[in-house]
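Any read-out appearing in this document is the output of simple, stated calculations on the displayed coordinates, not a laboratory observation. The shown structure was predicted, so the numbers you read here are calculated from the model rather than taken from an experiment. Here the Cβ positions follow ideal geometry from the backbone for every residue, glycine too, while neighbour counts run over all protein chains shown.
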Amino acid sequence: MKNFIAKKKLLFLGLNYNQLPYLQAAKELGYLIIGIDQNSSAPGARLCDHFYQIGYDETDRLIELGKKYSFSSTDNVFTAAAQFAHIGASSFAEFFGIFYPSQSSIEICLDKVKFYQSFEDNGLPIPKTSIIKNQNELKTTLSNMQSSYYYLKSDFSKNPNYVYRFHSDHIPWDDICWDKDRYLRHNYVLQEEYPGVSLRINIYGNRFNVFNFETNLITIDHHEAIKKLGIIELLRNFRDTHSMNLWVLKFDVILNQDSFVVLDVGMDPPMRMLKYGKLLGINFQEYYTHQYLGKPIEFPNMLDEPIA
């Protein structure tokens, strides 16, 4: 056991091709890496010091693995996999006293019903929202609303799964799924379409950048309006409230002339930033990994601006 007790250890969840750059960055930091993936042939397995075929949600097995390698609060845990992998990582971290956002905060960011409530609690405006439990409730709610376009999104929807846009005059009753599964746990969220430009705002370190959601192009066109409305400060407050200050969070925002709403929050690596960083010759995965693992870094300029 001396070999892996002497080295700082890292539990790394998710070893497919998309995770390889993060894994390589972690290796260069000198960690002894214990990697897990449900796929026994995961391509990142060969880069780990030790590999185990374990699923992200097998919390008991993850904790037993941590005990085997004598994990403690000075060690670390990391994932750049699907968002739900953070739940397993959080449970592992809590058991061993490792700093990590709580499971409740992560669940808030996964569940639309919960994060819309948390948005409001933290001063972030949202569209007019109704919680829908069944088809009868949807019919009743729509009958009391004005003629307009609406979005219906299940609590754990992942676009395009269980996300419906329709006009109240043409409701796709036969297309809406009400069977409970990974995308629909309990409820749908009904929201009236909000007019404006759709933006993706990434918050990372003490900086932010903005992408036009329709074109996927980075933009500075809306920075003045964003700062005038105090959007970045509100997004940062939400991030810090949930102890995600070391994370890169992405928010979907609709900006109108003098108002805005927030539609979504994401915890997985921001693909637009990854692509843009690659065009600039920036190894964003390395910065991302260092940020999450608490290493002192300064993100390079990616047409962003400081938060303050």
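Return the Rg/Rh ratio of the chain with Cα-based radii and a Kirkwood Rh.
On the way: Rg = 20.8 Å, Rh = 20.9 Å.
In the chain, Rg relative to Rh is 0.99.
For the chain, modelled as a GNM whose springs connect Cα atoms under 10 angstrom apart, the maximal fluctuation among Cys48, Cys109, Cys177 occurs at Cys177. Working note: Cα atoms of the stretch 35-173, range along each principal axis, descending, whole Å: 60, 35, 22.
Over the residues of the chain, the helix contribution to mean residue ellipticity at 222 nm works out to -9000 deg cm²/dmol, using -39500 (n - 2.57) for each DSSP H run of at least 4.
Once the Cβ-Cβ distance between Asp181 and Asn206 is put in as r, and R0 is 25 Å, what FRET efficiency do you end up with, to the nearest 0.05? Numbers along the way, then the final one.
Working: r = 40 Å, r/R0 = 1.59.
Once rounded, the FRET efficiency stands at 0.05.
A simple spin-label model places pseudo-atoms 7 Å from Cα toward Cβ; at Ile297 and Asp268 they are separated by 2.0 nm. Placing unit charges on the Cβ atoms only, positive for Lys and Arg and negative for Asp and Glu, gives the stretch 257-297 a dipole magnitude near 240 debye about its Cα centre.
Applying Stokes-Einstein at 20 °C and 1.002 mPa s to the Kirkwood radius of the stretch 196-306, computed over alpha-carbon pairs, gives a translational diffusion coefficient of 151 µm² s⁻¹. Taking the dipole about the Cα centre of the stretch 196-306, with the C-beta of Lys and Arg at +1 and of Asp and Glu at -1, give me whichever of Leu235, Pro269, Asn209 is farthest to the positive side. Working it through, the farthest residue towards the positive pole turns out to be Pro269. For the chain, the Cβ-based charge dipole about the Cα centre amounts to some 900 debye (Lys, Arg positive; Asp, Glu negative; other atoms uncharged). Within the same chain, lysines fewer than 8 places from Lys250 are excluded, and of the rest, those with a Cα less than 23 Å from its Cα are Lys112, Lys114, Lys128, Lys153, Lys158, Lys227, Lys228, Lys275, Lys278, Lys295. Shape class for the stretch 128-192: prolate, because the ratio a/c of the largest to smallest gyration tensor axis (alpha-carbon atoms, square roots of eigenvalues) is 1.5 or more and a/b beats b/c.
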